[in-house]
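To start, the structure itself, in structure tokens.
No lab work stands behind these numbers, since they all come straight from the coordinates. No experiment lies behind these values; they were computed from the predicted model shown. Here the Cβ positions follow ideal geometry from the backbone for every residue, glycine too, while neighbour counts run over all protein chains shown.
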Amino acid sequence: MDRRDFIATGALSTAGMIFFPGNLLAKESKELLKTKFPQPLPFKQDGEWKEFELYVDVKIQEPAPGFSFHTLAFNDMVPGPEIRVNYGDKVRVKFKNKSKLNHTIHWHGMHVPWRMDGVPMVSQLSVMPENEFIYEFEAKPIGTHFYHCHWGTVLHMQAGMFGSLIVEDPNDTIKKQFPYEREYTLIYSAHDVNFIRQEMNRMLERMEERSYLMSKGRFDHERWAVFNNHDQLNESIKNGWEPPYALNRRAPAGIPQADWFTVNGKSYPDTPYLFIKSGENIRVRLINAGAEIHNLHLHGHDFWMVADDGIPIPQPWKRNTVPLTPGKTYDIIIEGNNRGIWTFHDHDTRKVTNNGLYPGGNLLALVYEDLPEDELIISKYSGNPMYKNTGMNMNSNMKSMLMGDDKLPKIALDE
Amino acid sequence: MKKYQLTIVFLGLIFMQGYGQGRGEDLLPEIEIGFKTITTGNYFSNKGIPSLNIPVLNEGERTVSDFSDSYFMIGARQKLYKGWRGQMVLGFSFPDANTGLGQVFYNQIMARVENKKNIITIGRTTTQTTLGSFTTFRDDDVMQFNYILNPFSSGINTEDNQYANVLEYTRIFKNRLYVTLHGENYQSFSNPNDYSLNGIGGSIVYRVPESQVWKREIIKEIGVSSVNFDIENPNSPGSNTYLSNLASYVGLNIHPDPVHFVDFKLMNITNFGMDGISDITSYDDYTRSKSQSFFGMVRYLNRKLERPNYQISLGGGYKSLSEINGGANQYVLITNMFYRIGNNFDFLVQYRYHVNRGELIPLLGKSQHRFQVGLSFSFNKIFNNQFDDRNSILNLEHGYIK
């Protein structure tokens, strides 16, 4: 057995169930954990309206230690802040575009007036750089929804322009059926960071000259690649506007191939974890704001499916794996009935990688807060002789060098 | 074998594996391929009989098919530790006929490491003998005016002036100011197997990154470069002295409009010369005598649908060798047009009129009309792209990512 095989064996035997530092129950860890879930967006009450403010700008995101990429971020965070309202609230969102690209906001799953739907060139014109648009709608229906940019979604969504939108039901049937105190929002996404970088650079460069031409009143539909009707498009094609040569929106030639997978903007080992106690129910709101399917599997438990696209399921059913398709939201209830540290991850294991290296991606864990400290001792509970003195005759220094502390969990990364 | 010996062997295997990097996949670097094919039909009409043995200078009229300056390059780039990046480039070009360089000239064989503020280059590559680039068909079309000339060259090829084996260090200040120190081994006609450094110099260049061109600043580029050749002192045989040249350059955005773009570039080269050269009897005298040269070019670029459509350039240059007894100067007028006929594909037309006067006539001939029509196909593609350029708009305006 050489070094690589040796470490691989060790990683296989441990990484499947162990992910986080041993002090994860410490106060500092719990404080840090709060930053790994969508931050609530405060509002100002203006008469009957709840008024929120969103802006977008370019920001550097670090999904995992040592790796960063440029993103488009609502209010400087990925995902954007969480908008949480009650059913029937009058909602006003002032959206300011601080970036040099065009954007809109689409309220995914919400029954808004069609002019508030955020589809560029269909329900509204795009919100141009340094411009503002005010969205107004009534909060309905209830449930777990999200918002995202609907302009250039291939780039803008995977670049970070998404956030959760929760419409609470004062008579929440789910809460009545499965009483809970704590809930968590998990927003999944997938990113081709090379595509994002190249496309955003090209878009920003192009917008420099487009903005200049706009300021001079010389911008036209051919440069904009937006036509009033088919006749205008056909006329432009006759005049030399020739797809695909004129269609220069996309920087790399191909379709984006995601190489980073995030939960709430983070990849393992920076993904959040879910605290639970024995006997407790927790509600988890799952949102897929990316373009990949995530087959989410929870170890050691079956969970209740309680809402689909925000709509409560009249007769919840149990499962342990759920396919979270793009644009989908599910609410699940996890019952704390099997104490331990349990992996909750995409069972398409290509997506628990960071740029192809396992472990990474959307790997996270369900952590019981009432787990006794001594259950973390490896040599006491592990059946693997490698951890015991009966196996290889190694002194304690050597064992410490190879295994580290005699305690789980550890941070397991590729060699 | 005792147990502790086994343990040592075991540990040895563990730790030796890391040095060889022999197993498993290495990280595939970015791979860049670039080529340019420039093919022209050239018509020459020459007056005067030059002593320099270059076929295209021969008196009379002639028409040739020319594919010189076409090139192929392949490079690889990847991230190194601590924010550095490494790069290698291998490339070859096709020199003019009968230039003594063979069918193919390996003009790029170099390695480079760089981070945000530093660039170190080692190997054969483009030298610092010119600053900026002019929109002529080929880089060497007005070389006598916009390049510091290699005094070790025989003059029968232009690559001697463009490429050398270099050791180069550049420090970048505030993303725009490039300060470079360099040493070169220039190709020597009389001593072709000597690979020691025979040139040193430095340059300071202020350069607005390409991604910032639409900021509409008037100065696009400005800089000075000093190149000093370590050369035998004709007045003291056996000892060496330096032949110094100073180049200065400015590139101005006259009308930085996205549709009707106009810029102007101007270069001046001062050759401080060797003492005692008062006649032009050889190409050595031409490159080693005191001289002043100027070359300027104005360009109009028409862009359609955010891509170049056509381009028209007009340029002129003048060079005076002030110390030559009988007087010696030369001038050039050049105009050309590129018209895009497809993606990466251009139709080209260029006219150049070059006159030599005084003692330059016996060496280079009296005058030349050159008319060229041709096609150019250039292509550049990065595969497995995995990090950004220093000068991208994201890195410059939204925080540099190592």
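The table below gives the values:
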| quantity | calculated |
| --- | --- |
| Cβ charges +1 (Lys, Arg) and -1 (Asp, Glu), total dipole of region B:94-163, debye | 420 debye |
| Size of electric dipole in chain B: Cβ of Lys, Arg +1 and of Asp, Glu -1, about Cα centre, debye, nearest 20 | 1580 debye |
| Chain B, relative contact order in percent, only Cα pairs under 8 angstrom and at least six apart counted | 16 percent |
| Cα-derived Rg over Rh, computed across region B:146-207 with Rh taken as Kirkwood radius | 1.06 |
| Ellipticity estimate at 222 nm from DSSP helix runs (n ≥ 4, -39,500 (n - 2.57)) divided over chain A, nearest 500 | -5000 deg cm²/dmol |
| Lys, Arg +1 and Asp, Glu -1 on Cβ, resulting dipole of region A:72-215 about Cα centre, debye, nearest 20 | 140 debye |
| Shape call, region A:20-79: gyration tensor on alpha carbons, a/c limit 1.5 | oblate |
| Residue-count net charge about A:V112 - beta-carbon cut-off 11 Å; Lys, Arg +1, Asp, Glu -1 | -1 |
| Rh by Kirkwood over Cα pairs, then Stokes-Einstein D for the protein assembly as shown at 1.567 mPa s and 4 °C, µm²/s | 41 µm²/s |
| Cα-derived Rg to Rh of region B:175-271, Kirkwood definition | 1.16 |
| Among B:Y43, B:M110, B:W84 - extreme Cα towards positive end, dipole of the protein assembly as shown, charges at beta-carbon | B:W84 |
| Stokes-Einstein diffusion coefficient of region A:237-362, Kirkwood radius over Cα pairs, 25 °C, 0.890 mPa s, in µm²/s | 146 µm²/s |
| Sequence-separation-based contact order of region B:31-183, relative, with Cα cut under 8 Å and 6+ spacing, percent | 17 percent |
| Residues B:R390, B:R370 arranged by fewest to most Cβ contacts within 10 Å | B:R390, B:R370 |
| Radius of gyration and Dmax over the Cα atoms of chain B, both given in Å | 24.2, 92 |
| More than 18 angstrom apart: percent of Cα pairs within region B:87-162 | 50 percent |
| Neighbour-count ranking [beta-carbon atoms within 10 angstrom, fewest first] of B:H255, B:H182 | B:H255, B:H182 |
| Restraint check, B:K36/B:K116; B:K36/B:K265; A:K90/A:K140, Cα-Cα greater than 19 Å | B:K36/B:K116; B:K36/B:K265 |
| Percent of Cα-Cα distances greater than 27 Å, calculated over region B:72-207 | 22 percent |
| Antiparallel DSSP beta bridges within chain A, percent to nearest 5 | 70 percent |
| For region A:178-285, the spread of Cα positions along each principal axis, largest first, Å | 71, 28, 27 |
| Likely footprinting exposure, B:K174, A:K36, B:K265, A:K100, fewest C-beta neighbours within 10 Å first | B:K174, A:K36, A:K100, B:K265 |
| Counting all C-alpha pairs of region B:237-302, share separated by more than 18 Å (%) | 55 percent |
| Neighbourhood charge, 13 Å Cβ-Cβ cut-off, centred on B:N165 and excluding it, Lys, Arg +1 and Asp, Glu -1 | -4 |
| Value of relative contact order over chain A, rounded to a whole percent, pairs C-alpha under 8 Å and six or more apart | 17 percent |
| Global size of chain A as Cα Rg and Dmax, reported in angstrom | 24.3, 83 |
| Cα centroid separation - region A:270-292 against region A:123-188, whole Å | 17 Å |
| Helix-only mean residue ellipticity at 222 nm for chain B, each DSSP H run of n ≥ 4 adding -39500 (n - 2.57), per residue, nearest 500 | -2500 deg cm²/dmol |
| Listed residues A:I174, A:P243, A:L298: farthest to the positive end of the dipole of chain A (Cβ charges) | A:P243 |
| Region B:351-380-region B:42-57 distance, computed between alpha-carbon centres (Å) | 9 Å |
